[in-house]
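Trainee: Structure below; questions to follow.
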Amino acid sequence: MAEVVLRDVSKIYADGTHAVRGLDLSIADGEFLVLVGPSGCGKTTALRMVAGLEEITSGEIRIGGRVVNDVPPRDRDVAMVFQSYALYPHLSVRENIAFGLRLRKLPKDEINRKVQEAAKILGLEEYLDRKPRNLSGGQRQRVAMGRAIVRKPQVFLMDEPLSNLDAKLRVQMRAEIARIQRRLGVTTIYVTHDQTEAMTLGDRVAVMKKGELQQVDAPQVLYDYP
Ligand code: ADP
Ligand code: ADP
């Protein structure tokens with residue numbers, strides 16, 4: 001677990017697009033922060049900068065007290081889940097979840113143990129030998145989450161992870177994500193344009209508009225529900 005701090009972070013893309021402007025945001029150890037706002041407001045850019053997938057133009061990002069501006073994604077101890085599951089179609093669920101651990105050349109029995117553990121948390125134990133094409137959308141999303149949690153990252157970054165699911169499954173998976181995050185106690189930044197997701201998932205909700213942070217508050221305060 002780790003605190004994530006953004007200080008005056010800006011992003012100007014090569015074509016001059018000013019995607020993020022002077023973002024100041026602290027996410028506490030173990031907190032679930034939802035980053036919400038309309039399409040194009042800079043949410044994904046902000047998340048990708050925390051992940052190290054996008055260079056920051058100015059400002060500073062700290063993870064667990066360490067400035068990570070120049071630290072490559074692999075050394076940031078963050079795991080990201082995208083809306084497209086990015087599973088390897090030719091690999092089984094087990095192999096998909098194990099992929100990152102294999103790259104790190106962990107011993108086989110340790111990999112097996114970690115995969116079992118992740119599969120248990122995600123309810124995937126029965127599906128470990130299936131290929132992604134033989135899974136439902138919700139199960140695929142679970143495998144994508146399995147790949148992220150198996151590494152026990154300090155920080156969990158999710159970019160619209162439920163947007164490819166139908167409405168019913170989305171509600172179900174939302175509850176799953178909340179449960180898993182609480183169980184792991186991992187610092188989480190969750191990007192969505194969906195206010196219901198923001199309201200139900202976030203310890204706090206950060207609202208962005210045109211690259212700027214508008215407001216950060218507990219959902220009860222922000223959405224004024226009793
Ligand atoms: P959101 O996630 O809120 O939809 P994004 O962070 O994806 O917003 O995009 C913020 C702004 O940056 C948008 O105007 C988008 O078109 C622009 N943008 C995103 N990626 C790039 C890129 N690689 N090059 C230039 N502009 C980009
Ligand atoms: P790690 O968990 O170590 O970050 P991943 O399993 O996410 O590793 O991915 C390992 C490498 O494979 C990364 O460089 C990533 O960009 C790439 N990768 C991930 N998913 C896919 C995919 N579906 N197709 C091609 N390359 C991928």
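Trainee: Please work out if ARG140 is more than 16 Å from ligand 2 (Cβ to nearest atom) and closer than 19 Å to LEU91 by Cα.
Mentor: No, not satisfied.
Trainee: Assuming PRO161 fulfils every condition listed in (1) without any contact (Cβ under 8 Å) to a residue 60 or more places away in the chain; (2) crowded, with 16+ Cβ neighbours inside 10 Å apart from one, which condition is it?
Mentor: Status for PRO161: all satisfied but (1).
Trainee: Ok, one more. Anything in the stretch 7-40 that is touching a residue at least 24 places away in the same chain (Cβ under 8 Å) and within 17 Å of ASP217 (Cβ to Cβ)? List them, or say none.
Mentor: The answer is LEU23, ASP24, LEU25, ILE27, ALA28, GLU31, PHE32, LEU33, VAL34, LEU35, VAL36, GLY37.
Trainee: Let me ask something else. Restricting to strands (runs of 3 or more DSSP E) lying wholly in the stretch 1-83: which have 1 or more residues that are under 17 Å from the mean Cα position of the chain (by Cα) and surrounded by fewer than 16 Cβ atoms within 10 Å (Cβ to Cβ)?
Mentor: By residue number, 18-27.
Trainee: Here is a further query. For residues that are within 14 Å of ASP203 (Cβ to Cβ) and aliphatic (A, V, I, L, M), scanning just the stretch 170-183, find the one that is surrounded by the fewest Cβ atoms within 10 Å (Cβ to Cβ).
Mentor: ALA178
Trainee: Tell me the residue from LYS114, LYS168 that is farther than 17 Å from GLY30 by Cβ, touching a residue at least 24 places away in the same chain (Cβ under 8 Å), outside any strand (DSSP E or B) and out of contact with any Phe, Trp or Tyr (no Cβ under 8 Å at 6 or more places or on another chain), please.
Mentor: Going through LYS114, LYS168 in turn, the sole match is LYS114.
Trainee: For the stretch 196-226, which residues satisfy the criterion of being part of a helix (DSSP H, G or I), farther than 22 Å from GLY137 by Cα and not aromatic (Phe, Trp, Tyr)?
Mentor: Result: MET199, PRO219, GLN220, VAL221, LEU222.
A short reminder: the numbers here are calculations on the coordinates, not readings from a lab. Since the model is a prediction, treat every value here as computed from it, not as a measurement. Quick reminder, even Gly has a Cβ in these numbers, built from the backbone with ideal geometry, and neighbours come from all protein chains shown.
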